[in-house]
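Comments concern the structure below.
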Amino acid sequence: MPAKTFAHKKQQLYLVLSGIFIVNALLAEIIGVKIFSVDKLMGLPGNLTAGVIIWPVVFITTDIINEYFGREGVLRVSFLTVGLILYAFLVILATTELPPAQFWLDVNSTDSQGRPFNIDFAYHSIFRQGLGIIIGSLTAFIIGQVLDASIFQWFRRVAGGRYIWLRATGSTLVSQLVDSVVVLFVAFYVFGNWTLNQVLEVANTNYWYKFAAAILLTPLLYLAHYVIDQYLGKDETEVLQEQAEADVSV
């Protein structure tokens, strides 16, 4: 493949993977304020933050980026994502300060059962996350991404480039253990009113969900490898992986 064509395809690949990573990380941060009952949903014990539903997409994408663009490729998109999440929170905060239109309040003054309903209060409650949640989520996100990227590369060097499932699953299981505890501890214990037992209970459920998701989604890594091999070409893919291992592919 001509060098110019390879460079273009490589750029497009990084752009697509980064887009998938950013949109899912941003969505997870926004919807993470909701805690739902796993028991009511699936008959299993425990509670989960809604954000963990799509977090597996984030850490699968992290591993794919790491595989082809190295630790620096992961950290670059991670820091960009933090900036975009902060921007999103600031925009949302600004919208909560806008005075509501009276007709909007009037037409939404009752719920479907005729009970009084304040839609502006609901908007504030859903979208205006506290400072503690923002600090906790971003702190956990950065720590988790740095750990994931670093451990992935360590496994890669130890295994000599073999065993994709080992470096992907191993890095995810360690990083998400830290992430699951840190985000809840900072957001709801340090800045909130949860007890330490509540933090550990929800963190435990979140982590085991992520553990199961990491195992179940492993075949997607192999599918992604196959698709990328077909897109770039086998020889070009090997070159990109060698560059990623040396952190010179981005």
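The values are calculated or read from the model by the stated rules, or taken from the named source; none is laboratory data. These numbers come from a predicted model, not from an experiment. Positions of Cβ are generated from backbone atoms using ideal geometry, with glycine treated the same way; all protein chains shown enter the neighbour counts. When the accessible area is computed, the model is the full protein with side chains, heavy atoms only, and any ligands, DNA or RNA have been set aside. Shrake-Rupley method; radii C 1.70, N 1.55, O 1.52, S 1.80 Å.
Of all residues being more than 21 Å from the chain's Cα centre (by Cα), within 23 Å of Phe59 (Cβ to Cβ) and without any contact (Cβ under 8 Å) to a residue 24 or more places away in the chain in region 221-237, which is surrounded by the fewest Cβ atoms within 10 Å (Cβ to Cβ)? Just the residue, please.
Looking at residues that are more than 21 Å from the chain's Cα centre (by Cα), within 23 Å of Phe59 (Cβ to Cβ) and without any contact (Cβ under 8 Å) to a residue 24 or more places away in the chain, I get Tyr226.
Mind counting the residues in region 58-108 that are in contact with an Asp or Glu (Cβ under 9 Å, 6 or more places away or on another chain), open to solvent by 10 Å² or more (accessible area, probe 1.4 Å), within 30 Å of Tyr207 (Cβ to Cβ) and of a type in the set (Phe, Trp, Tyr)?
Here the count works out to 1.
Does region 102-113 include one or more residues that are under 24 Å from Thr49 (Cα atoms) and either touching a residue at least 24 places away in the same chain (Cβ under 8 Å) or not in a helix (DSSP H, G or I) (or both)?
Within region 102-113, not a single residue is under 24 Å from Thr49 (Cα atoms) and either touching a residue at least 24 places away in the same chain (Cβ under 8 Å) or not in a helix (DSSP H, G or I) (or both).
Scanning region 4-57 for residues that are small (Gly, Ala, Ser) and open to solvent by 30 Å² or more (accessible area, probe 1.4 Å), which turns out farthest from Gln145 (Cα to Cα)?
Checking each candidate, the answer is Gly43.
Quick check on this structure: which one of Trp194, Trp165 is over 27 Å from Asp39 (Cβ atoms) and surrounded by 13 or more Cβ atoms within 10 Å (Cβ to Cβ)?
None of the others qualify; the one that does is Trp165.
Of everything in region 191-203 that's touching a residue at least 24 places away in the same chain (Cβ under 8 Å) and in a helix (DSSP H, G or I), which residue is nearest to Ala50 (Cα to Cα)?
Among residues in region 191-203 that are touching a residue at least 24 places away in the same chain (Cβ under 8 Å) and in a helix (DSSP H, G or I), the one nearest to Ala50 (Cα to Cα) is Val202.
So which residues in region 168-181 are at pLDDT below 85 and open to solvent by 30 Å² or more (accessible area, probe 1.4 Å), if there are any at all?
Leu173, Val174, Leu177, Val178
Would you say Asn197 is modelled with pLDDT of 85 or more and either more than 21 Å from Ile65 (Cβ to Cβ) or of a type in the set (Gly, Ala, Ser) (or both)?
Yes; evaluated as a whole, the condition is true for this residue.
Determine, yes or no, whether Asn206 is under 14 Å from the mean Cα position of the chain (by Cα) and part of a helix (DSSP H, G or I).
So Asn206 passes the test.
So, Phe152, is that one touching a residue at least 12 places away in the same chain (Cβ under 8 Å) and open to solvent by 30 Å² or more (accessible area, probe 1.4 Å) or not?
no
At least 3 residues that are among the hydroxyl-bearing types (Ser, Thr, Tyr) and more than 19 Å from Ile133 (Cα to Cα) in each: list the helices (runs of 4 or more DSSP H) lying fully within region 1-100 that qualify.
Those helices (runs of 4 or more DSSP H) span 3-31, 55-96.
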